[in-house]
Structure formats: structure tokens, C-alpha cells
Amino acid sequence: MASASRDRVTSDLRDIGPAVRAAASARRLRVAAYARLTLAEASNQALAPLPPASPIERADAVMKVTLRLDPIDAELLLLGAAHVGLSYGAFVARLLRGARLPAPLADRVKDRDALIVSSDHLATLGADLASLIRTLKRFDGEGAVGYGAAAEALMVEVRQHLELASRVVSRNGGAP
């Protein structure tokens, strides 16, 4: 009775590996396809032809890939992906494309927290600036001079915030 799920088999080819690879190559098949065909023939089963491979049409489609890595390389993959806060697949995909990796996750968390504090501070400064402007409008020229230093200090803090925000956004590819 046929199962609805797909069975997977891993075979240790040992001494017959070269002969199996050569036979598969002669039929212009990969070893897995050759093994499937051979098993079907041995079971007297007609094997439906596989549809030709087609390009992935959806941008959100993903393919599962299994990698065999040296234990040290596997550990580096795990540590590297965790360090920057990416899944293994996203980490490998960025490496393959030569895309810039995000800043380490711990740095991004610190940057985000600093940006939140700075944004809160900037909101308070905005309210203070509005109050300062209202006060300046009520006084004549002499009263306005006393607030010049406060306005300049406020501008310095706004610039510092904008530099921080710019750095955070730049390091994180637009996502703090």
C-alpha cells in the first residue's frame, strides 16, 4: 500500500560508489534519481517521468537544502548565524550573495535601546523648543537673547540624536 508521505533513504555505497556514480552519469542522472529508477525497475514498477525542473516563480518560495560540513565548519555556521541573529538559511544566503551581514545582534539591541532613549529625549526637547518659541514671542529683543544659548544647546542635542539614528539605521539595513 502506498503511503501519502515521501520515504527518504540514505544508502552507504561503500565499494560500489564509483560504479554507481559512473552508471548514473552514463544515464545523465544524479545518483539519487538513478537509485530511484533502479529501485523501481527492481520492483517491477513503472516510474512516472519526473516533470522538468522549473524556475521558482514566487519571491517567497524557499527550497530546503541539506549540507554536509566538517564539524568545525558546522559550529562556525551555528555561531556565526546566532552572532548576527539570523537563521542558518538567511546567514548562508547572505554569504553566497556576498551581501553585508548585519551588525552583531547584541550591538543592534544596544543601538535600538539607545535610539529609543534618544528619541524619547528628542521628544522632550521638542516640547521644550515649542515652549521656548512661545516665550520668545512674548518678550522683546532683550528677553530673546537670554534664550539663545538654550536654543543652541538644543540644536546640538538634536544633531547628536540624528547622528545616532543614522548610524543605527545604517548598521541594521534600515531595521533597528
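Where a number appears in this text, it was derived from the coordinates with a stated rule and is not lab data. Bear in mind that the values here come from a model prediction, so they are computed numbers and not experimental data. Reconstructed Cβ throughout: ideal geometry from the backbone, glycine too, with neighbour counts over all protein chains shown.
In this Cβ point-charge picture (+1 for Lys and Arg, -1 for Asp and Glu), segment 66-129 has a dipole of about 320 debye about its Cα centre. For segment 61-69, backbone phi angles converted through the Karplus equation (6.51, -1.76, 1.60; θ = phi - 60°) give residue-by-residue couplings of 6, 10, 10, 7, 10, 9, 10, 10, 10 Hz, Gly and Pro being listed as x.
Between ALA22 and ARG112, the modelled labels are 5.8 nm apart [label points 7 Å from Cα along Cα→Cβ].
Note on ARG134 and LEU37: their simple-model spin labels are 8.3 nm apart, each label 7 Å out from Cα toward Cβ. Karplus-derived 3J(HN,Hα) values for segment 90-104, using 6.51 cos²θ - 1.76 cosθ + 1.60 with θ = phi - 60°, are 5, 5, 5, 4, 5, 5, 5, 7, x, 6, 5, 7, x, 4, x Hz; glycine and proline are entered as x.
Counting Lys and Arg as +1 and Asp and Glu as -1, what is the net charge of the other residues whose Cβ lies under 13 Å from the Cβ of ALA35? Local net charge: +2.
For HIS121, the shell of other residues with beta-carbons less than 14 Å away shows a net charge of -4, using +1 for Lys and Arg and -1 for Asp and Glu.
Note on SER170/HIS121: beta-carbon distance plugged into 1/(1 + (r/R0)^6) with R0 of 22 Å gives a FRET efficiency of 0.60.
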